[in-house]
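One structure below.
Read-outs throughout are calculated quantities, based only on the coordinates presented, and are distinct from any laboratory measurement. All figures in this text were calculated on a predicted structure; none of them were measured in a lab. Note: ideal-geometry Cβ built from the backbone for every residue, glycine included; neighbour counts use all protein chains shown.
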Amino acid sequence: DASKSSTAILREIPERGARQYGRFVLVRKSLKEVKPDKEKAKEKDGSDTRGGGESNEPLNREVRFGLHDIVKNQVVWTKDFPKEAPGYFFDDYSGRMILYWSLGSEAGKARVKEEPVLVERSRQMGNKDDDYVLEIIDAFQNKSVGSLLLETGKGSFDIESGFSEGNWLVLRDDNNRVLVYSITEGELRHRFFGANAALNPKGHQIA
């Protein structure tokens, strides 16, 4: 409040594991910190002697992902990853988050088994450990819009960044290439040299 030279706290964010992308904040929290109500009650009445505050548990395993819409001030999507947490990219403009796991990891293999289409596709690929399984989450729609497998040619390239709009997933790899995938078909449709790309999903155009 400029007229009174005062401030008011709208909301608090964790000291770690939180990052804002456009109107959304992704909060990653260790599942060991997410305690049942009974445990929280014990800490509150002093019967639990363990130290309070946020722990320093690593955020690469046993993690909860939560997407917060700061305009509506509500949690729009959350998911627990009891094993290995996925890597991710976030598209600020479209509000889409791209999650990815290595097919050689326990969590990656478990994710593939959740969808028969991915299981069949992985058989055709030979289920190579250097490949990836990806899932696209739309924060505006509060749902998963699709998943697909990414073949890397026995690890000949890795992914540097990515974004998604409409039916398209655009990834940039470490060989200075832009890879364009159809989400519904789960297939690579185009490959270009370059690093920066812009997408017109309705016109099916890329620059």
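Brief remarks follow.
- Rounded to the nearest 20, the Cβ-based charge dipole of segment 59-99 about its Cα centre (Lys and Arg +1, Asp and Glu -1) stands at 120 debye.
- Residues in segment 133-174 reached by a label modelled at TYR93 [backbone nitrogen below 18 Å; 7 Å Cα→Cβ]: 137-141, 161-173
- Filter on LYS79/LYS113; LYS83/LYS154; LYS29/LYS79; LYS83/LYS113; LYS32/LYS79 - keep pairs with C-alpha separation over 21 Å: LYS83/LYS154
- Residues with amide H under 5 Å from that of GLY146, placed H, sequence gap 5 or more: ILE136
- With the helix formula -39500 (n - 2.57) applied to DSSP H stretches of n ≥ 4, the chain reaches a computed 222 nm mean residue ellipticity of -3500 deg cm²/dmol.
- Cα→Cβ-extended label distance, 7 Å offset, between ASN56 and ALA110, nm: 2.7
- Selection from GLY153, TRP168, PRO116, by position along the positive dipole direction of segment 92-181 (Cβ): PRO116
- For ASN73, the shell of other residues with beta-carbons less than 13 Å away shows a net charge of +1, using +1 for Lys and Arg and -1 for Asp and Glu.
- Taking a Cβ cut-off of under 11 Å around ALA195, the surrounding Lys, Arg, Asp and Glu residues balance to a net charge of -1, with basic ones at +1 and acidic ones at -1.
- Put a dot 7 Å past the Cα of GLN74, heading toward its Cβ, do the same for HIS190, and the two dots end up 3.7 nm apart.
- Taken along the Cα-to-beta-carbon direction at a fixed 7 Å, the label points for ASP1 and GLU120 span 6.3 nm.
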